[in-house]
Amino acid sequence: MLIDSHCHLTDRLFDEDLEAVLARAHAAGVGRFLVIGANGDFSHNEKAVALAQAHASIFAVVGVHPHDAKSITEETYTQLRQLAQHPKVVGLGETGLDFYYDNSPREDQRTHFRRFIRLANELDLPLSMHVRDAYAEAAATLREEGGGKVRGVMHCFTGSEAEAHDLLSLGLYISFSGIVTFKSAHELRTVAKAVPLDRLLVETDCPLLAPVPYRGRRNEPAYVAQVAHTIAEVRGCGLEEVVAATKRNTEALFQLMA
Ligand code: NI
């Protein structure tokens, strides 16, 4: 069984046909879904928890994307603490630093990434992290704030092998999305080969980033099979090995109940 460790099924693009999307995923061997509520408006977090409550196969991760860091208030943290009480909320995020788009001022992103790390430690929940053009600073922040204890995954990893090793040294997991299947992503495939099997996760990050051969279309969890297939290919191992390892790793990190 595959697990899509990062999907945005609360997105409006899934409103019309979510049941069909889930059915296609199950048919493709994808049996569990971590739905990330950080998707613009805060109400997506409530929607993610509602989906998790309605579907045995869905778990929720709640947070505010670094793009939206400027919108965070004290009330946001009060709401997140409340949502985190739900037994199917298994993590916080996505949070982090995006210095590529800079959709929120960097100081706001820094402040709230630190607060999310502290909240993760306090609530004993893992973090789903989004970082772009800021891996070194993110690692430094995790060392300072996390005391080396914070559990989490660097989602949709697109950095170098050296950056991956730095994050692995913090005990983090590394997740690959459909980007690893793109023709131009030679360096990223080298990283996907180097990450230890027991630290590897797979995801779609749907509705964006559909893997080859679906590139350009709406992405959906069924396509996480393409991500796992590419990783197995570059590692020269069987698909089953990647499927089993990423399932085990995702269940361990997010402490998913059987
Ligand atoms: Ni995402």
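The values are calculated or read from the model by the stated rules, or taken from the named source; none is laboratory data. Predicted model only: the values in this text are computed from it and were never measured. Cβ sites come from the backbone with ideal geometry, for glycine too, and all protein chains shown count toward neighbours. When the accessible area is computed, the model is the full protein with side chains, heavy atoms only, and any ligands, DNA or RNA have been set aside. Shrake-Rupley method; radii C 1.70, N 1.55, O 1.52, S 1.80 Å.
Numerical summary
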item	result
Rg/Rh for the range 1-77, where both radii come from Cα atoms and Rh is the Kirkwood radius	1.01
Residues residue 218 and residue 75, FRET efficiency given R0 of 30 Å [Cβ-Cβ distance, rounded to 0.05]	0.35
Among 80, 232, 28 - extreme Cα towards positive end, dipole of the chain, charges at beta-carbon	232
Accessible area per residue, Å², the chain with all protein chains present, probe 1.4 Å	41
Lysines whose Cα lies under 24 Å from that of residue 149, excluding same-chain neighbours fewer than 8 positions away	88, 247
Sulfur and carbon atoms: percent of accessible area, the chain [1.4 Å]	50
Label-point separation in nm, residue 255 to residue 197, each point 7 Å along Cα→Cβ	2.7
Size of electric dipole in the range 1-145: Cβ of Lys, Arg +1 and of Asp, Glu -1, about Cα centre, debye, nearest 20	360
Segment residue 50-residue 100, length gained on full extension (0.36 nm per residue, minus Cα span)	14.8 nm
For peptides 108-120, 3-15, sequence by mean Cβ density within 10 Å, most packed first	3-15, 108-120
Candidates 102, 41, 17: whichever shows maximal mean-square fluctuation once the chain is modelled as a Gaussian network with Cα springs under 10 Å	17
For the range 112-258, average projected area of the Cα convex hull in nm²	8.8
Square roots of 5 times each gyration tensor eigenvalue, C-alpha, the range 49-89, largest first, Å	22, 12, 6
Net charge, residue 112 excluded, C-beta distance under 13 Å - Lys, Arg +1, Asp, Glu -1	-1
Calculated P(r) tail over 32 Å for the chain, as whole % of Cα pairs	13
All-pairs Cα distance distribution in the range 87-129, expressed in whole percent, bin size 5 Å	6, 23, 28, 20, 13, 8, 2
